[in-house]
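Asker: Quick one: the structure is below, questions incoming.
The values are calculated or read from the model by the stated rules, or taken from the named source; none is laboratory data. On a predicted model such as this, the values are computed, not experimentally measured, just so you know. Quick reminder, even Gly has a Cβ in these numbers, built from the backbone with ideal geometry, and neighbours come from all protein chains shown. For accessibility, only protein heavy atoms count, side chains too; no ligands or nucleic acids. Shrake-Rupley method; radii C 1.70, N 1.55, O 1.52, S 1.80 Å.
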Amino acid sequence: ITERWLPNQPVWALQAAGERLWIGAEAGLFVHGVAAGGMEPAQGVDVTGRRPVRALAAADSLLLVATDDQLLALAASAPTARAAPPAIPVDLRGIGRVLRMAADAQTVFVGGTEGVLAWERRGGGVRRLTVPGDLPGPALDLLATDAWLWVGTPAGLLRLRRAPDGALWP
């Protein structure tokens, strides 16, 4: 171990974007630049209200940030903005505790203890897959590819087909 950052602070998510390492921690969102000597809160303001950041994903030039109930989108390359971004109009509480997130140019997938939420970036449509109806258990990990959404659960791996627009097939 060469260095310790954020001592005694649970870290829930890491995401590299360009020359920055974004850190989702119990006390909010932090960023570490390659030339920086330590951690600093992101955005120059407290974008998460010092709430835990449970999952992070990067897509295009965006950093997607999931708290226990909100989804936020920040410019991944500009951690000096002076205003907090508006929350994306989805409520993450319906999927239990947020565990993981995956995103691409079309869709953001947020997995939790009670299901998966899919948010279409262009149209704003939302779809929820629930435990036990659609999934056999919590979404422990997610991977979005062009044709599939892969969902890791305690009962095994699921492969869900995606439509050409990035949404999940019915």
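Asker: Give the value in nm², to one decimal: projected area of the alpha carbon convex hull of the chain, averaged over all directions.
Answerer: Answer in nm², one decimal: 10.2.
Asker: When only C-alpha pairs under 8 Å and at least 6 residues apart count, what is the relative contact order of the chain, in percent?
Answerer: 12 percent
Asker: Using 1/(1 + (r/R0)^6) with R0 = 35 angstrom and r between the beta carbons of Asp134 and Arg4, what's the FRET efficiency to the nearest 0.05?
Answerer: 0.30
Asker: Need one number: the % of Cα-Cα pairs in region 101-158 sitting beyond the 19 Å mark.
Answerer: Of the Cα pairs, 21 percent sit more than 19 Å apart.
Asker: A further question on this structure: Counting only the heavy atoms of the protein chains, how much of Glu19 is accessible to a 1.4 Å probe, in Å² to the nearest 10?
Answerer: Here the accessible area works out near 130 Å².
Asker: Within the set of other residues whose C-beta is less than 12 Å from the C-beta of Ala58, count the net charge using Lys and Arg as +1 and Asp and Glu as -1.
Answerer: Charge balance in the 12 Å sphere: -1.
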